[in-house]
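Reading through the structure tokens given below for one structure.
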Amino acid sequence: MTISVWRYSHLALAVSSFLFLALASLTGIILAFEPIGQQMSNYRVKDFDRITVAQAVTTLKKTYPGITDIDVDTYGFVTVKGTDAAGKKVLACVDARTGKVLGAPPKQSEFFQWVTAFHRSLFLHETGRAFVGVIAFLLSLIAVSGTALVIQRQRSFKRFFARIVNENFSQYWHVVLGRLSLIPIIIIALTGTYLSLSRFNFFPDKKIVHKIDIDHMKTDPQRKLAEFPVFKNTLLADVRTIQFPFSEFPEDYFTLKLQDRELVVNQFTGDVLSNISHQKTTIWLNLSLELHTGRSNIIWALVLAVASANILFFIWSGFAITLKRRSGRVKNKFKADESQIIILTGSENGSTTVYAASVYRQLIKQGYKAYLTDLNSYEVFPQAGQFIIMTATYGVGDAPSNASKFAALMSKYPQQQTVKYSVLGFGSHAYPDFCKFAFEVNQSLLKTNWAEPLIDIHTVNDKSPADFSLWAEAWSQQSNIDLSLPLELTQLPKKLRKLRVISNTKTGNDSQTFLLRLETKRSTKVTSGDLLAIYPAGDHRERLYSIGMVDDQIQLSVKLHQGGLGSEFLHRLNAGDLLQARIVENPHFRFPVEAPSVVMIANGTGIAPFLGMIAQNKSQTVVSLYCGFRQKASFEPYADFLKEQQNLGRLEQLRLALSREGEKQYVSDLLAADASFIAKTLQEGGILMLCGSLAMQKDVLRLLDSICAAFTHHPISYFQSHSQILMDCY
Ligand SMILES: Cc1cc2nc3c(=O)[nH]c(=O)nc-3n(C[C@H](O)[C@H](O)[C@H](O)COP(=O)(O)O)c2cc1C
């Protein structure tokens, strides 16, 4: 069964019952405290479980000669009815070992009576009881469909309790608590259903009738009560009630109602005159009551209270998940067959669709005929000039459920005209196959004769607005259509840090590049490869710069662009100035300490994070740096530093390409010359890191694609999805 069938069943069942389920759970939590409160009172004596009926009956008969009944409730409280030696009426809880009165029998408080009545019938009498039964049954179906969803999410039954990545509060805890409280909830649901069905006599129970031959009752051999074998062999904890003989005439006898049977016992000889087991239905009924109410075990009562509270949480978190999933939905203004830009999404939990919807709205606002749909609705789009494909990855690098049919549909419906496309993968580096499905989609489009890439595939890690911005900028440039971050992500962040400028080299050479050093506090968590977000105009406009941590200071390498909002602002800063900024963690672009070797590829100011990473390479991982600049002068600011790192053994190889001087090479030319080394690095598990311009990234990726095809058994997407090619280009 597909994930959506289970999901829709789970949702439909929850929607149809949530109000009553919430009321039942709320009252259930309250009622769970009744047995807890009862069991707290001190009427249950020490070692109650070891007292035999023989001990109890002997002691109590001696203390209360006129005793008629002993009741033992589920809490282990023993109540005596009858008269004492002075003929005074007794109705009290007693210590069965000594006969001492402990107090009056506990009564259900009016409050608990009220809550119980509401819980059972919602004050709607028999109709309410039937209704509550149906709700309990629906709860068991919700639990079953939820279990199926967890199994599908975890990809096998065996991995049911395997780790879950915490990406979203409501979703994470919905699954984690769902798994933990699954069994108590199923028990609550099934026992609740059974109790309701019993109430409506679905399981008819025959009353026990003892057939006693009164005319032939023996009085010999007479035994003391303490010597009755049946009394000696029965524990008081197994007894519900003991009715004493009404008189000392031979035809009167003891009646013992036990958990599972009823016994009639001769009052003189102790012989068992009748022994009838309860029907299975009665045993089930009692068990259901115990399990549903927790009345005989304080720990179980607590488990029930927690499980009921969890049901309330599931109602809230379930709706939060659904609302999030649906929040990105839009109503298309144009039809599919008249639209020029088709946005196709693959999303499991809706966050990708939120981004896609924002792109859609921006395009419509600018007068473009755009159409937004999911990848499973792919068809022939006769007017399309562009596809924007935004998709998440699920399972083990699989398609989200609304994109699972895309591969089949694409081969079935080739487009009749050339369509430019851009793929934006949403994923998380917490999973081994990062954005794998997006890479697969990209590869399959590359193979068609009608699709042409507008820009290279981009990825968004952990819904990073910064990653999305990089794609939006690249896409805007190529398509000449404005695109920005969704509005809700564009507000100026509240928590900005004030960083003191330590030095600014300003532009002292032809390259217009300058290095800016900023002070960090010990508490500032920042690593080379992270990004520094600055807000030069004091509004939502954010500019991001790659950070290299050198000498425990943030070092930015910036190219001054005329009229550049960020670079001109940074260029104006002097030592001692304070800069308001935010550190954007970029965990997927960190120095891979455990890798056997690392090849760093940069052009221009893209060298910035690598300077910090090389300085950080104290374990002396084999690092090669391929960097490209226009002229030698642009490389000068880094030359001494890199030489020093080579002497310290932190940088193995430095390869420099100058595009406007000498051999006029690009960094990709150096890589092409070292193709077998690059392929070997990948095959041995080494990591390639790219930082610099998108144009360089495009060149290098194209080259790597052919290196992989020629030297390795894997396509480039294999190494990308195994995080062996890390990129941070802009
Ligand atoms: C169960 C599960 C499995 C996932 N598997 C992968 C994966 O294999 N590769 C990946 O890059 N991301 C994976 N992700 C992360 C999602 O693709 C990522 O969070 C995405 O932004 C979710 O988008 P959505 O909210 O539109 O579904 C997984 C997430 C979940 C909850």
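The values are calculated or read from the model by the stated rules, or taken from the named source; none is laboratory data. Since we're looking at a predicted model, the values are computed, not measured. Because the Cβ atoms are built from the backbone with ideal geometry, glycine has one as well, and the counts that use them run over all protein chains shown. These accessible areas exclude ligands, DNA and RNA; they are computed on the full protein's heavy atoms, side chains included. Shrake-Rupley method; radii C 1.70, N 1.55, O 1.52, S 1.80 Å.
Can you tell which of TYR394, TYR421, TYR431 is touching a strand residue (DSSP E or B) at 6+ places or on another chain (Cβ under 7 Å), in contact (Cβ under 8 Å) with a residue 12 or more places away in the chain and crowded, with 16+ Cβ neighbours inside 10 Å? Can you show your working first?
Details: TYR394 fails: touching a strand residue (DSSP E or B) at 6+ places or on another chain (Cβ under 7 Å); TYR431 fails: touching a strand residue (DSSP E or B) at 6+ places or on another chain (Cβ under 7 Å).
From the options TYR394, TYR421, TYR431, the qualifying one is TYR421.
Give me a count of the residues in the stretch 186-228 that are closer than 30 Å to TYR43 by Cα and either among the hydrophobic types (A, V, I, L, M, F, W, C) or open to solvent by less than 60 Å² (accessible area, probe 1.4 Å) (or both).
To start, the set of residues in the stretch 186-228 that are closer than 30 Å to TYR43 by Cα comprises 187-188, 191-192, 195, 224-228.
With the extra rule that they be either among the hydrophobic types (A, V, I, L, M, F, W, C) or open to solvent by less than 60 Å² (accessible area, probe 1.4 Å) (or both), the set shrinks to 187-188, 191-192, 195, 225-226, 228.
Residues flagged as closer than 30 Å to TYR43 by Cα and either among the hydrophobic types (A, V, I, L, M, F, W, C) or open to solvent by less than 60 Å² (accessible area, probe 1.4 Å) (or both) within the stretch 186-228 amount to 8.
Checking the condition open to solvent by less than 80 Å² (accessible area, probe 1.4 Å) and farther than 15 Å from GLU34 by Cα, which residue from LEU124, LEU138 passes? So that I can check it myself, show each step before the final result.
Working: LEU124 fails: open to solvent by less than 80 Å² (accessible area, probe 1.4 Å).
Criteria check complete, one pass: LEU138.
Kindly provide the set of residues from the stretch 447-475 that are within 13 Å of the ligand (Cβ to nearest atom), open to solvent by 30 Å² or more (accessible area, probe 1.4 Å) and not in a helix (DSSP H, G or I), ordered by number.
THR459, ASP462, LYS463
Which one of these is among the β-branched types (Val, Ile, Thr) and assigned to a helix (DSSP H, G or I): THR352, THR373, THR345, THR391?
Numbers: THR373 fails: assigned to a helix (DSSP H, G or I); THR345 fails: assigned to a helix (DSSP H, G or I); THR391 fails: assigned to a helix (DSSP H, G or I).
THR352 is the lone residue from the list that is among the β-branched types (Val, Ile, Thr) and assigned to a helix (DSSP H, G or I).
Considering only the stretch 616-640, state which residues are more than 18 Å from ASP669 (Cα to Cα) and crowded, with 17+ Cβ neighbours inside 10 Å. Let's see the steps before the verdict.
As a first pass, look at the stretch 616-640 and keep what is more than 18 Å from ASP669 (Cα to Cα): 616-623, 633-634, 636-640.
If the condition is that a residue be more than 18 Å from ASP669 (Cα to Cα) and crowded, with 17+ Cβ neighbours inside 10 Å, then GLN616, ASN617, THR621, VAL623, SER634, PRO637, TYR638 are the ones that fit.
Tell me the residue from LYS280, LYS324 that is of a type outside the set (Ser, Thr, Tyr), under 23 Å from LEU485 (Cα atoms) and either within 16 Å of the ligand (Cβ to nearest atom) or surrounded by fewer than 17 Cβ atoms within 10 Å (Cβ to Cβ) (or both), please.
Numbers: LYS280 fails: under 23 Å from LEU485 (Cα atoms).
Answer to the check: LYS324.
Can you list the helices (runs of 4 or more DSSP H) found entirely within the stretch 124-222 that contain at least 1 residues being out of contact with any helix residue (DSSP H, G or I) (no Cβ under 7 Å at 6 or more places or on another chain) and under 27 Å from GLN259 (Cα atoms)?
Numbers: elements: 125-154, 169-180, 182-199.
Fully inside the stretch 124-222 and qualifying: 182-199.
In this structure, is ALA148 open to solvent by less than 40 Å² (accessible area, probe 1.4 Å) and aliphatic (A, V, I, L, M)?
On the way: open to solvent by less than 40 Å² (accessible area, probe 1.4 Å): yes; aliphatic (A, V, I, L, M): yes.
It is true that ALA148 is open to solvent by less than 40 Å² (accessible area, probe 1.4 Å) and aliphatic (A, V, I, L, M).
Being in a strand (DSSP E or B), within 13 Å of the ligand (Cβ to nearest atom) and aliphatic (A, V, I, L, M) is the filter here; which residues of the stretch 413-446 pass it? Don't jump to the end; show me each part of the working.
Start the filter on the stretch 413-446 by keeping residues that are in a strand (DSSP E or B), which leaves 419-427.
Subsequent filtering for residues that are within 13 Å of the ligand (Cβ to nearest atom) retains 424-427.
Residue satisfying the conditions is LEU424 alone.
Looking at this structure, is ARG179 within 16 Å of the ligand (Cβ to nearest atom), of a type in the set (Lys, Arg) and modelled with pLDDT of 90 or more? Don't jump to the end; show me each part of the working.
Numbers: within 16 Å of the ligand (Cβ to nearest atom): yes; of a type in the set (Lys, Arg): yes; modelled with pLDDT of 90 or more: yes.
When the stated conditions are applied, ARG179 passes them.
Yes/no per residue for (1) over 36 Å from the mean Cα position of the chain (by Cα); (2) within 16 Å of the ligand (Cβ to nearest atom):
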residue	(1), (2)
PHE677	yes, no
LEU694	no, no
LYS698	no, no
SER717	no, yes
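Give the stretch 240-254 a look and list any residue that's within 20 Å of VAL45 (Cβ to Cβ) and buried (at least 20 other Cβ atoms within 10 Å of the Cβ), or say none. Let's see the steps before the verdict.
Of all residues in the stretch 240-254, those within 20 Å of VAL45 (Cβ to Cβ) come to 240-242.
Correct list: ILE242 only.
If you go through the stretch 65-84 one residue at a time, do you hit one that is assigned to a loop (DSSP other than H, G, I, E, B), under 21 Å from LEU258 (Cβ atoms), open to solvent by 40 Å² or more (accessible area, probe 1.4 Å) and at pLDDT 95 or above?
Of all residues in the stretch 65-84, those assigned to a loop (DSSP other than H, G, I, E, B) come to 65-68, 73-77, 84.
Still in the list and also under 21 Å from LEU258 (Cβ atoms): 67-68, 73-77.
Narrowing the set further to residues that are open to solvent by 40 Å² or more (accessible area, probe 1.4 Å) leaves 68, 73.
Filter once more, so that each one left must be at pLDDT 95 or above: 68.
Within the stretch 65-84, one or more residues are assigned to a loop (DSSP other than H, G, I, E, B), under 21 Å from LEU258 (Cβ atoms), open to solvent by 40 Å² or more (accessible area, probe 1.4 Å) and at pLDDT 95 or above.
From (1) part of a helix (DSSP H, G or I); (2) surrounded by fewer than 16 Cβ atoms within 10 Å (Cβ to Cβ); (3) out of contact with any helix residue (DSSP H, G or I) (no Cβ under 9 Å at 6 or more places or on another chain), pick out the condition that doesn't hold for TYR360.
Tallying (1) part of a helix (DSSP H, G or I); (2) surrounded by fewer than 16 Cβ atoms within 10 Å (Cβ to Cβ); (3) out of contact with any helix residue (DSSP H, G or I) (no Cβ under 9 Å at 6 or more places or on another chain), TYR360 fails exactly one: (2).
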